[in-house]
Structure formats: structure tokens, C-alpha cells
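Taking it in order: structure first as C-alpha cells, then the write-up.
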Amino acid sequence: MGLFERYLSIWVALAIAIGIGLGQLMPGAFQALAALEYANVNFAVAILIWAMVWPMMIGVDFTAMRRVGEKPKGLIITLVVNWLIKPFTMAALGVLFFRHVFSAFIPPSDAEGYIAGLILLGAAPCTAMVFVWS
């Protein structure tokens, strides 16, 4: 592993700290940046997600898609985990945390929304994971 990969957690923590610091120093600039959106999609976030996914996207061998049926094991495992395990696991975690552990801090109506969000999060495979697995 290279220097960047070896200390990735530190770089992420530094980026978070710098982002919070800049947000405190220049709140107007960040509010203006947050206002740049269309259909509830922020342009800055969309561009940065694209920049994150692009390196993986250019490494995908799309011609190999024709051979996906030759070794179905990985595809079957992915489908089972993503559609039969993750949504129910996330629902269980949501109920545990939002109805029991943090129930004193979160109104019941908000808890239901958080649980629904966790189920959707569990049902939607990460874009980066899809590209890497491809």
C-alpha cells in the first residue's frame, strides 16, 4: 500500500476537520454552495460523487458482461446479500436503536422515518461497491 492508502483514515479525518473549520470561518460561502441545487440534488455533491466513482468506472471491463453467466456464484451472493439480508438487518438495527436505545431522544414519528431510511440504505447497494465488484 502506498502512503495515501495506508493513512486514508487520517486523510478523511483531516478533510472533515478542515471542512468543519472552513464552514465556521466562511458560513456564507458554504450556504451559497448548498443553495446550488436542482431537484433537491446539490451540484457540488453530484460532482464530487462523480469524481469518486470515475476512477472505478474507467476500470470496469464492460465486455465481460457477456460472460457474467459463466460463473454465477458472485452474482448470486451479491443478490442474496443485497436483497435478502441487508434490508432486514438494517430494519432490525433501526428498530433496536430508534425504538429502544435512543427512544428517549427521538420522537416516535421521526424514529419511523429513520427506520425507513435505514431500510432503504440497506436495500440500495453502494455505487462504489457495484463498480468494484463489476
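We did not get these values from a lab; they are worked out from the coordinates using the rules stated. Since this is a predicted model, take the numbers as computed values, not measurements. We place every Cβ from the backbone using ideal geometry, glycine too, and count neighbours over all the protein chains shown.
Residue-wise, which Karplus ³J(HN,Hα) couplings in Hz belong to the stretch 50-64, taking 6.51 cos²θ - 1.76 cosθ + 1.60, θ = phi - 60°, and x for glycine or proline?
4, 5, 6, 7, 3, x, 6, 5, 6, x, 7, 8, 5, 5, 6
As I understand it, the dipole of the chain uses +1 on the Cβ of Lys and Arg and -1 on the Cβ of Asp and Glu, about the Cα centre. Which of Val101, Val68, Tyr38 lies farthest toward its positive end?
Of Val101, Val68, Tyr38, it is Val68.
Once percent of Cα pairs over 19 Å apart is worked out from the coordinates, which option in (1) 72; (2) 65; (3) 55 does it equal?
(1)
Sorted from fewest to most neighbouring beta carbons within 10 Å, what does the list Thr63, Thr89 look like?
Thr63, Thr89
Determine the calculated [θ] at 222 nm for the chain from helices alone, applying -39500 (n - 2.57) to every DSSP H run no shorter than 4 residues and normalising by the residue count; nearest 500 deg cm²/dmol.
Roughly -19500 deg cm²/dmol at 222 nm, from the helical runs in the chain.
Over the chain, what is the mean sequence separation of C-alpha contacts under 8 Å (at least six apart), divided by residue count, expressed as relative contact order in percent?
24
For labels at Arg6 and Trp83 in the simple 7 Å Cα→Cβ model, what's the distance in nm?
For Arg6 paired with Trp83, the spin-label model returns 4.3 nm.
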